[in-house]
Amino acid sequence: MNHDHYSEDYLRGILTAVKTIALVGASSNPVRPSYFVLKYMIEKGYDVVPVNPRESVGEILGRPLFASLQEVPHRVDMVDIFRNSSAAESVVDDAIAHGAKVVWMQLGVRNDEAALRAEASGLKVVMNRCPKMEYAKLCGEWSWVGGNPGRISTKRPTLSGNRVQSLSITARKGY
């Protein structure tokens with residue numbers, strides 16, 4: 001797989017199939033990016049499990065905090081890595097052992113060797129991307145904060161409660 005570019009269909013497929021996310025490197029500090037991602041993904045209807053061995057709090061945003069992925073009592077679909085690129089290797093190994101379906105490495109996190117191991121074990125991999133940002137781009141919210149999603153459309157995305165009904169927004173280019 002080419003990890004320099006991901007198609008919208010690939011990202012959409014992951015974000016619609018995933019229900020539970022372990023956010024490894026979660027922070028209870030509300031000004032940290034991992035806190036924003038945790039909060040946003042919860043608001044969109046995902047079951048997000050914070051994981052961080054260095055945090056001393058018992059929960060983040062009302063979710064129990066775990067010191068490691070091995071301590072999470074139920075299987076998660078996706079492991080979102082908010083650690084540096086070298087630490088991603090051990091997190092990917094934990095994700096494989098845990099039975100996750102997807103490994104997602106945050107912005108600035110890329111580890112090609114770990115990605116190859118994950119893919120060889122049947123996991124989908126995304127590197128150097130943020131699921132919060134990709135979700136917002138796919139459902140049309142990205143432009144609300146001044147981002148350019150690269151789309152021109154007169155149709156608004158359909159929202160149902162806190163979760164996007166469908167991430168099947170099509171691009172209309174050439175205008």
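The values are calculated or read from the model by the stated rules, or taken from the named source; none is laboratory data. What you see is a predicted model; the values in this text were computed from it and never measured. Don't worry about glycine lacking a Cβ; one is built from the backbone with ideal geometry, like all the others, and counts go over all protein chains shown.
Computed values, structure above
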| item | result |
| --- | --- |
| Condition check for Arg83: surrounded by fewer than 22 Cβ atoms within 10 Å (Cβ to Cβ) and more than 23 Å from Asp9 (Cβ to Cβ) | yes |
| Single residue of Ala114, Ala97 found to be touching a helix residue (DSSP H, G or I) at 6+ places or on another chain (Cβ under 9 Å), assigned to a helix (DSSP H, G or I), crowded, with 20+ Cβ neighbours inside 10 Å and of a type in the set (A, V, I, L, M, F, W, C) | Ala114 |
| Residue among Ser68, Ser85 that alone is touching a residue at least 24 places away in the same chain (Cβ under 8 Å) and in contact with a Lys or Arg (Cβ under 6 Å, 6 or more places away or on another chain) | Ser85 |
| Among residues of segment 1-31, those that are of a type in the set (Lys, Arg) and either in a helix (DSSP H, G or I) or at pLDDT below 95 (or both), counted | 1 |
| Total residues in segment 88-115, condition within 21 Å of Asn29 (Cβ to Cβ) and over 17 Å from the mean Cα position of the chain (by Cα) | 0 |
| Condition met for Ser85 (among the hydroxyl-bearing types (Ser, Thr, Tyr) and not in a helix (DSSP H, G or I)) | yes |
| Output for segment 58-77, where each listed residue is out of contact with any Ser or Thr (no Cβ under 7 Å at 6 or more places or on another chain) and hydrophobic (A, V, I, L, M, F, W, C) | Leu61, Leu65, Phe66, Ala67, Leu69, Val72 |
| Those residues of segment 37-61 which are touching a residue at least 60 places away in the same chain (Cβ under 8 Å), more than 18 Å from Leu107 (Cβ to Cβ) and out of contact with any strand residue (DSSP E or B) (no Cβ under 7 Å at 6 or more places or on another chain), in sequence order | Glu43 |
| Subset of segment 33-78 (residues that are assigned to a helix (DSSP H, G or I) and among the charged types (D, E, K, R)) | Lys39, Glu43, Glu71 |
